[in-house]
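A.B. asks: Quick one: this structure, given as structure tokens, is what I'll be asking you about.
The values are calculated or read from the model by the stated rules, or taken from the named source; none is laboratory data. Predicted, not measured: the structure shown is a model, and the values here were computed from it. Using ideal geometry, Cβ is built from the backbone for each residue, glycine included, and neighbour counts are taken over all protein chains shown. Surface areas here come from the heavy atoms of the whole protein model, side chains and all, with no ligands, DNA or RNA. Shrake-Rupley method; radii C 1.70, N 1.55, O 1.52, S 1.80 Å.
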Amino acid sequence: MRLVLLGPPGAGKGTQAAILSDALSIPHVSTGDLFRDNISRETELGREAQQYMDAGRLVPTSVTANMVRTRLGQDDAAKGFLLDGFPRTIEQAEILRDMLAEKGESLDAVVNYTVSEDVVVERMLARGRKDDNEEVIRTRLQVYRDETAPLIDFYRELDLLVDVDAEGTVEDISSATLDALDK
Ligand code: ADP
């Protein structure tokens, strides 16, 4: 199964992805985690990404897309994957579509986690990651509204979108996701 998880920052995509990845036996591919791993290993890619992440802005698409292409080319992703954090723009969605089409593949579903802004701000402040301070959070939410939210209609028109309410408990949300994917 080839899945994308959509939702605002702080929607709990990473938490859900870990559970779904286990339940569906597909690797969790998180661009945020891949960047953070590169930053901690002090790679060139990490150095390039850091300034954007610290500001809550998007890392340039060329950099991000190459990283995703490499990751999805690894053996464990051949039969499926759970993408978390990519695509974040229509341009990235088109790149992903073309990347998969080259291999004769396509997405099976896009899970859209819906949650109010009050709840996501609360969750991010509680999480306290380096880019989880109020000003950076505001920027990330703005980037989400401007650049990422248009993907909801993009994928709805392709009949791939599955909406899941992300305001319940972790267990409620994961079982709602698995139920929705079953249909
Ligand atoms: P969250 O889900 O809370 O937004 P992530 O861990 O997914 O956090 O992403 C953290 C940061 O990594 C983003 O604010 C952005 O700077 C960078 N990033 C992640 N994915 C992408 C992407 N697809 N394109 C550009 N930048 C990205």
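A.B. asks: Just to be sure I understand the rule: take each whole DSSP H helix in the chain, project its Cα atoms onto its long axis, keep it if the span is 24 Å or more and its mean Kyte-Doolittle hydropathy is at least 0.0. Which ones pass?
C.D. replies: Membrane-span-like by this rule: not one helix.
A.B. asks: Quick one: net charge around Pro27, please, counting Lys, Arg +1 and Asp, Glu -1 for every other residue with C-beta under 9 Å from its C-beta. Intermediate results must be reported in sequence, preceding the final value.
C.D. replies: Details: positive: Arg71; negative: Asp76.
With Lys, Arg at +1 and Asp, Glu at -1, the neighbours total 0.
A.B. asks: Here is a follow-up. Just the number, please: carbon plus sulfur as a percent of the accessible area of region 2-174, 1.4 Å probe, no ligands or DNA/RNA counted.
C.D. replies: 46 percent
A.B. asks: So what is the relative contact order for region 102-183, in percent, with contacts set as C-alpha pairs under 8 Å and at least six apart?
C.D. replies: About 45 percent, as a whole number.
A.B. asks: Choose one answer from Asn38, Asn133, Asn66: the residue with the largest mean-square fluctuation in a GNM of the chain with alpha-carbon springs under 10 Å.
C.D. replies: Greatest mean-square fluctuation among the candidates belongs to Asn66.
A.B. asks: Quick one: which of 168-176, 23-31, 72-80 comes out on top by average Cβ neighbours within 10 Å, and what's the full order, highest first?
C.D. replies: 23-31, 168-176, 72-80
A.B. asks: How far, in nm, would the chain grow between Asp98 and Asp37 when pulled straight, counting 0.36 nm per residue and subtracting the alpha carbon separation? If you can, show how the numbers build up before the last one.
C.D. replies: Numbers: separation 61, 0.36 × 61 = 21.96 nm, distance 2.64 nm.
My answer for the length gained is 19.3 nm.
A.B. asks: I would also like to ask the following. Rounded to the nearest 20 Debye, what is the dipole magnitude of region 2-174 about its Cα centre when Lys and Arg each give +1 and Asp and Glu each give -1 at the C-beta?
C.D. replies: Around 440 debye, computed over region 2-174.
A.B. asks: If you don't mind, another one. Given the options Gly46, Thr177, Leu82, identify the residue whose Cα lies farthest towards the positive end of the charge dipole of the chain (+1 on Cβ of Lys, Arg; -1 on Cβ of Asp, Glu).
C.D. replies: Farthest towards the positive end: Gly46.
A.B. asks: For the chain, what is the calculated [θ] at 222 nm in deg cm²/dmol (nearest 500), taking -39500 (n - 2.57) for each run of four or more DSSP H residues and dividing by its residue count?
C.D. replies: Computed ellipticity for the chain at 222 nm equals -16500 deg cm²/dmol.
A.B. asks: From the residues Leu107, Ile95, Leu3, which one has its Cα farthest along the dipole of the chain in the positive direction, the dipole being from +1 and -1 charges on Cβ of Lys/Arg and Asp/Glu about the Cα centre?
C.D. replies: Working it through, the farthest residue towards the positive pole turns out to be Ile95.
A.B. asks: Once the piece of chain linking Arg127 and Ala23 is laid out straight, how much longer is it, given 0.36 nm per residue of separation minus the C-alpha distance between them?
C.D. replies: That pair, Arg127 and Ala23, stretches by 35.0 nm at full extension.
A.B. asks: Mean separation of Cα pairs under 8 Å and 6+ residues apart, divided by the residue count of the chain: what relative contact order is that in percent?
C.D. replies: Contact order relative to length: 34 percent.
A.B. asks: Check the straight Cα-Cα distances from Lys79 and name the lysines below 30 Å, setting aside those fewer than 8 residues away within the same chain.
C.D. replies: Straight-distance partners of Lys79: Lys13, Lys103, Lys183.
A.B. asks: Taking only protein heavy atoms into account and a 1.4 Å probe, give the accessible area per residue of region 1-127 in Å².
C.D. replies: On a per-residue basis, region 1-127 sits at 47 Å².
A.B. asks: Arg57 to Thr114: extension gain in nm, 0.36 nm per residue of separation minus the Cα-Cα distance? Show your work: numbers first, answer last.
C.D. replies: Values: separation 57, 0.36 × 57 = 20.52 nm, distance 2.14 nm.
Answer, rounded to one decimal: 18.4 nm.
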